[in-house]
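The values are calculated or read from the model by the stated rules, or taken from the named source; none is laboratory data. Source: prediction; values computed, not measured. A quick note on method: Cβ atoms are made from the backbone with ideal geometry, for glycine too, and the neighbour counts reach across all protein chains shown. Surface areas here come from the heavy atoms of the whole protein model, side chains and all, with no ligands, DNA or RNA. Shrake-Rupley method; radii C 1.70, N 1.55, O 1.52, S 1.80 Å.
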Amino acid sequence: MGGLARRPIAVVAAVVLVIEAVGLGLLHIILSTVVDAQKMSLAGLEPRAMTVSTLVAGGLIGLYLVLCAATLLWMAVRDRPALGVPRIALIACAVLHGVLGAFSVGMVGWTAFLLMMLVLGLLVFTLISYAPPEPEEPAKPREPEGPAPEANGGPEPATS
């Protein structure tokens, strides 16, 4: 199943991440509007700073998810694994979804948990199906077959 299904699943994972990025961006815009309208403060922090930091956090999270989606699309189009920093970003994205899924059970409910686990499953399947190639070991020199040659040319004579 891995060879035939990995491209469509990578595309689906990319689309889901883009939808999630847009949703998180809109959520952060709404949160910043509420914080600004209520003049909320945390430990004496200015309400304006709370508003701006909420918008910046939403933008950065959205950008991160869109970059992960672009990496997944690149993997699907080229049918090659992501290596280096893009692969690490995808692994971090999978870990993030696992942690968010664990937190979402108590705060939001089981539906949110299931959605986070769905995204986690898509990411993990894509990462596993596009595993980087194993490095080849250098060829070891073959040892000669048969008895090992003696160092002195033969057995030593017995002395009495």
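In segment 106-119, what residues are open to solvent by 70 Å² or more (accessible area, probe 1.4 Å) and either at pLDDT 95 or above or not in a loop (DSSP other than H, G, I, E, B) (or both)?
Those that are open to solvent by 70 Å² or more (accessible area, probe 1.4 Å) and either at pLDDT 95 or above or not in a loop (DSSP other than H, G, I, E, B) (or both): Gly106, Met107, Trp110, Thr111, Leu114, Leu115, Leu118.
I need the full set of residues from segment 37-84 which are among the β-branched types (Val, Ile, Thr), over 15 Å from the mean Cα position of the chain (by Cα) and closer than 30 Å to Ile128 by Cα, in order please.
Selection gives Val77 alone.
Which of the residues that make up segment 46-58 are out of contact with any Asp or Glu (no Cβ under 7 Å at 6 or more places or on another chain) and open to solvent by less than 70 Å² (accessible area, probe 1.4 Å)? I'd like the intermediate steps shown before the answer.
Kept after step one, since they are out of contact with any Asp or Glu (no Cβ under 7 Å at 6 or more places or on another chain), are these residues of segment 46-58: 46, 48-50, 52-58.
Hits for segment 46-58 are Ala49, Met50, Val52, Ser53, Thr54, Ala57, Gly58.
Ile30 - would you say it is at negative phi and surrounded by fewer than 19 Cβ atoms within 10 Å (Cβ to Cβ)?
yes
List pairs: first in segment 43-54 and modelled with pLDDT of 85 or more, second hydrophobic (A, V, I, L, M, F, W, C), Cβ under 8 Å, 6+ apart or cross-chain?
Every condition considered, the pairs that remain are Met50/Val35; Met50/Met40; Met50/Leu42; Thr51/Val35; Thr54/Leu31; Thr54/Val35.
With respect to Leu122, is the statement that it is buried (at least 16 other Cβ atoms within 10 Å of the Cβ), touching a helix residue (DSSP H, G or I) at 6+ places or on another chain (Cβ under 7 Å) and aliphatic (A, V, I, L, M) true?
yes
Between Ala13, Ala43, which is surrounded by fewer than 15 Cβ atoms within 10 Å (Cβ to Cβ) and small (Gly, Ala, Ser)?
Residue meeting the stated conditions: Ala43.
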